[in-house]
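Since the structure comes first, as structure tokens, the remarks are kept for the end.
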Amino acid sequence: MSIPFPEQEGELRQPSLMRRFAAMIYDGFLVVAIWMCAGFAAVGLNHGEAVSGPVLQTVLFLLTFAFFAYFWVRLGQTLGMQAWKLRIQTLDGCHISLRQALIRFMTAILSFACFGLGFFWMLFSANKATWHDSFSDTQIVLLPKK
């Protein structure tokens, strides 16, 4: 069941690539803080010894997805998106599903892995969609000032 967002005054526009990058940098700092807390907990559980390997990397990956999925599905905005007045929604203006969040998250990783080509794609796309927007049937909109 799709939950629509409350109606906004005026038409919602697509944000610029720079605004998206600014929100990603903000969220990147939060993700690093989450990783640091997880690393501190892992070292504590390992009696003060350094921790590395696939188990820790898997935990960090899952924590990162949990951060984004929670904010995208529940609120439509991460903290960085709130600061830059951005919102993620379905193409018809509803909250995204957990499945869409997973597709978006995995495709965004692919976008980064291709030297950011998936992000720069929006500069050439008719509807200003990135790869992860297109594959997950979502869009980022710029919210009007209050």
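The values are calculated or read from the model by the stated rules, or taken from the named source; none is laboratory data. For clarity, every value in this text was computed on a predicted model and none was experimentally measured. Every residue, glycine as well, gets a Cβ built from its backbone with ideal geometry; the counts of neighbours run over all protein chains shown.
A few comments on the model shown:
- Here Thr64, Thr107, Thr78 are screened, and the one residue that is at pLDDT 95 or above and either of a type in the set (D, E, K, R) or under 20 Å from Met18 (Cβ atoms) (or both) is Thr78.
- Candidates Ala83, Ala22, Ala41: the one that is among the small types (Gly, Ala, Ser) and closer than 19 Å to Lys128 by Cα is Ala22.
- For the stretch 101-114, the criterion of being of a type in the set (Gly, Ala, Ser), surrounded by 15 or more Cβ atoms within 10 Å (Cβ to Cβ), under 12 Å from the mean Cα position of the chain (by Cα) and at positive phi is met by no residue.
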